[in-house]
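Trainee: Okay, handing you the structure first.
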Amino acid sequence: MSKNKKKKKQQMLTDKGFQLFYGNLSTRRQLIRNIWMEVIGLVIFAVAWIRGSMNQNLLLLLLVVFTASQAYQIGRNWLAWNEEKEKLEKQRKEQERLEKLKEQGKM
């Protein structure tokens, strides 16, 4: 993907408000959504375990697969979000440095 397309897509991502599609969320919102889904999923598995509505071995297998996939997604989104934060912080510091130079008349 070219730099312009990537930048344009980044600007289109939703960080506030309702968004129907997961792919249109910012990495921060994806992380929050994945954490919520993990909690909700664990509650559903706990209820199914207590009620005994499913074969226990199958339920344990599904629990392991669900938890592993959610852990992977949370870790991936956490790393991407931290990378984004660091990048924005560097841009902000560079902008402040340039503004100071302009004020001092060096540019």
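The values are calculated or read from the model by the stated rules, or taken from the named source; none is laboratory data. Treat the numbers as computed from the prediction; the structure is a model and nothing was measured. Note that we place each Cβ from the backbone using ideal geometry, even for glycine, and neighbour counts take in every protein chain shown. Ligands, DNA and RNA are excluded from the accessible area calculation, which covers all protein heavy atoms including side chains. Shrake-Rupley method; radii C 1.70, N 1.55, O 1.52, S 1.80 Å.
Trainee: Test of understanding: among Arg29, Arg51, Arg33, which residue is touching a helix residue (DSSP H, G or I) at 6+ places or on another chain (Cβ under 8 Å) and of a type in the set (D, E, K, R)?
Mentor: Exactly one of Arg29, Arg51, Arg33 is touching a helix residue (DSSP H, G or I) at 6+ places or on another chain (Cβ under 8 Å) and of a type in the set (D, E, K, R), namely Arg33.
Trainee: Then there's this: May I ask you to verify whether Leu58 is assigned to a helix (DSSP H, G or I) and either among the aliphatic types (A, V, I, L, M) or at positive phi (or both)?
Mentor: The answer is yes for Leu58.
Trainee: On to the next question. Which condition number in (1) in contact (Cβ under 8 Å) with a residue 40 or more places away in the chain; (2) open to solvent by 80 Å² or more (accessible area, probe 1.4 Å) is the one that Glu99 fails?
Mentor: Here Glu99 meets the rest and fails (1).
Trainee: Of the residues Leu63, Leu58, Leu42, which is modelled with pLDDT of 90 or more and in contact with a Phe, Trp or Tyr (Cβ under 7 Å, 6 or more places away or on another chain)?
Mentor: From the options Leu63, Leu58, Leu42, the qualifying one is Leu63.
Trainee: Could you check how many residues of segment 59-72 are loosely packed, with under 12 Cβ neighbours inside 10 Å and not hydrophobic (A, V, I, L, M, F, W, C)?
Mentor: Summing the residues that are loosely packed, with under 12 Cβ neighbours inside 10 Å and not hydrophobic (A, V, I, L, M, F, W, C) in segment 59-72 gives 1.
Trainee: Hey, among the residues in segment 19-58 that are small (Gly, Ala, Ser) and surrounded by 15 or more Cβ atoms within 10 Å (Cβ to Cβ), which one's farthest from the chain's Cα centre (by Cα)?
Mentor: Per the stated criteria, the residue is Ala48.
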